[in-house]
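Contents: one structure, followed by commentary.
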Amino acid sequence: MSFSKTQVNRAGQLWAEHLRAAADGGRRVGQQRVELIEAIQVIDWWREEHSKPLSRVAANLRYYAGHESKPIVAQRLKKLPTILGKLVRTPGMKLARMEDIGGVRAVLSSQDAAYRVASRLRKNWTITRFRDYVAEPKADGYRALHLINRNHGRLIEVQLRTRLQDTWANSVEIDARRVAPGLKFGTGPEVLRDFYAVSGEFLAIADQGLAADPALYRRLMELREPVDTLRRRARQRKENK
Amino acid sequence: MSPDEIKHFLVSYNLATGKTEVKSFGTDYEAAQVAYAEAEQANAEDEKLDVVLLSADSLATIKQTHSSYFSGASRRLEELLPS
């Protein structure tokens, strides 16, 4: 089984249009059912196409990250709902050009170590894009170095994080799942968004080996209770379901 | 470590109970991918599970890099912050 990039893009587009229509309340599933099922098979195939390049990139990253310390490296094939969600949210995005269907993450001991690994990769690999979210964090406070590597015609995303950045990002994932699904997309309770923006900055200072900023410290202390309350309420809602 | 030595784990996080199940496929990436697609299809209607295929040298590594799927991770950030 093999498909062209045009077929891959068409499959992605069909699903994006279907899900947008469904969100608007206009379900026309009946007529399209066969096409949608076929399209999922194309999308699955396209994801599988990334597995070998992904494993090669991960093995290579283990080597380059291994100069620093015992490398902590893991890879993932993007979840289907997340692939579709990204297509829905990003009009005009072509599935064949999605950069993070295959993703590999390395957790490093320090910010300097992460920058050193990044520069090694840029010297030795075909890097089509480098995003420095340490110099320019995302609006939610996310920090890491992201590189896109082209490997055997497939794009693979490499994330280089410090331990602190990784702990922070995983915590966002948890709260996005339990408290506020929109957290990763700039929505959700302001208190929680504040908490992550401030704690991200607080940890970035720690990653630079500098002393804690007293203003950030105070703000974190103030946010602690309202954040705990939000999480507790989310837990209670779930238990009452 | 060569790409063939990597181990594959299908991780299912139950959104209702907060419990995580891990199915190990050893080094068989193909079988893991088939199971991944099947699990996603089975879950497509009600989306009760958050299913993801993760691979590394060991499950211990995954528990670190993808700690959000495993218990105790939310406390880890708090431990790094002033209290």
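The values are calculated or read from the model by the stated rules, or taken from the named source; none is laboratory data. For clarity, every value in this text was computed on a predicted model and none was experimentally measured. With ideal geometry, Cβ positions are generated from the backbone for all residues, glycine too; neighbour counts draw on all protein chains shown. Side chains are part of the model used for accessible areas, which takes the heavy atoms of the whole protein and leaves out ligands, DNA and RNA. Shrake-Rupley method; radii C 1.70, N 1.55, O 1.52, S 1.80 Å.
Things to note:
- Within this structure, residue A:89 passes the test of being open to solvent by 30 Å² or more (accessible area, probe 1.4 Å), within 28 Å of residue A:181 (Cα to Cα) and at pLDDT below 95.
- Qualifying residues in the stretch A:132-145 (those that are touching a strand residue (DSSP E or B) at 6+ places or on another chain (Cβ under 9 Å) and surrounded by 16 or more Cβ atoms within 10 Å (Cβ to Cβ)) - the one nearest to residue A:172 (Cα to Cα): A:143
- In the stretch A:156-177, the residues that are in contact (Cβ under 8 Å) with a residue 60 or more places away in the chain reach residues that are among the acidic types (Asp, Glu) with C-beta atoms within less than 9 angstrom, at least six apart or across chains, in these pairs: A:156/A:99; A:156/A:100.
- A single member of A:116, A:129, A:105, A:122 is buried (at least 22 other Cβ atoms within 10 Å of the Cβ), in the same structural domain as residue A:58 (by TED's automatic domain parsing) and at negative phi, and it is A:105.
- Being in contact (Cβ under 8 Å) with a residue 24 or more places away in the chain, more than 26 Å from residue B:15 (Cα to Cα) and of a type in the set (D, E, K, R) is a description that does not apply to residue A:131.
- Filtering the stretch B:15-30 to residues that are away from chain A (no Cβ under 11 Å) and surrounded by 13 or more Cβ atoms within 10 Å (Cβ to Cβ) leaves B:20, B:22, B:23, B:25, B:28.
- Applying the set (1) more than 14 Å from chain B (Cβ to nearest Cβ); (2) closer than 25 Å to residue A:122 by Cα to residue A:90 leaves exactly one unmet item: (2).
- Residues being out of contact with any Phe, Trp or Tyr (no Cβ under 6 Å at 6 or more places or on another chain) and facing another protein chain (nearest Cβ under 8 Å) - total across the stretch B:5-14: 1
- Cβ pairs under 8 Å, 6+ apart, first in the stretch B:20-31 and in contact (Cβ under 8 Å) with a residue 60 or more places away in the chain, second open to solvent by less than 40 Å² (accessible area, probe 1.4 Å): none
- Residues within the stretch B:55-83 that are out of contact with any strand residue (DSSP E or B) (no Cβ under 9 Å at 6 or more places or on another chain), of a type in the set (A, V, I, L, M, F, W, C), more than 7 Å from every other protein chain (Cβ to nearest Cβ) and part of a loop (DSSP other than H, G, I, E, B), tallied: 0
- Any hit, the stretch A:28-41, residues being surrounded by fewer than 18 Cβ atoms within 10 Å (Cβ to Cβ) and in contact with a strand residue (DSSP E or B) (Cβ under 8 Å, 6 or more places away or on another chain): no
- Among (1) more than 7 Å from chain A (Cβ to nearest Cβ); (2) among the aliphatic types (A, V, I, L, M); (3) not in a helix (DSSP H, G or I), the one test that residue B:52 misses: (1)
- Answer residue from the stretch A:54-81, given it is of a type in the set (Gly, Ala, Ser) and open to solvent by 30 Å² or more (accessible area, probe 1.4 Å) and is modelled with the lowest pLDDT among those: A:69
- Checklist (1) more than 8 Å from chain A (Cβ to nearest Cβ); (2) farther than 30 Å from residue A:225 by Cβ; (3) open to solvent by 30 Å² or more (accessible area, probe 1.4 Å) applied to residue B:47, failing item: (1)
- Summed over the stretch B:1-39, the residues that are at pLDDT 95 or above and part of a helix (DSSP H, G or I) give a count of 11.
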